[in-house]
Amino acid sequence: MPRTDYTSEVIAVRGKEIYQQQIRDKVEPKHKGKFLSVDIETGNYEIDTDDLSPTIRLLEKRPDAVIYSLRIGFQAAHRIGFKISRPTQ
């Protein structure tokens, strides 16, 4: 596993900045719901329908990449838990 001197907070902040400033307008809404991984040091990114493939492709190109991932058009990539709704009458 690549080693980095970045904290997880720095990776998240930098990844979000790159996405908002350089990538978002290029990929939304065409790729909404897909997963995007970005190398925070180069700005290179990959998109796919699953969350692991874009990361693997970035690491194949640059094994020491520092990667931030997100789901395009969503605040979170995955959900935890569930909600039970009561039937309405």
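The values are calculated or read from the model by the stated rules, or taken from the named source; none is laboratory data. Here the structure is a predicted model, which means the values were calculated and not measured. When we count neighbours, we look across all protein chains shown, and the Cβ atoms used for this are built from the backbone with ideal geometry, even at glycine.
Brief remarks on what is shown
- Neighbours by Cβ (under 8 Å, 6+ apart or cross-chain): first from region 12-37, aromatic (Phe, Trp, Tyr); second exposed (fewer than 12 other Cβ atoms within 10 Å of the Cβ): PHE35/THR49; PHE35/ASP50
- Here ILE80 fulfils each of the conditions (1) at pLDDT 95 or above; (2) loosely packed, with under 14 Cβ neighbours inside 10 Å apart from (1).
- Residues of region 25-52 that turn out to be in a helix (DSSP H, G or I) and surrounded by fewer than 15 Cβ atoms within 10 Å (Cβ to Cβ), as a count: 2
- Candidate set: region 53-69, residues that are out of contact with any strand residue (DSSP E or B) (no Cβ under 6 Å at 6 or more places or on another chain) and not in a loop (DSSP other than H, G, I, E, B); chosen: the one surrounded by the fewest Cβ atoms within 10 Å (Cβ to Cβ): GLU60
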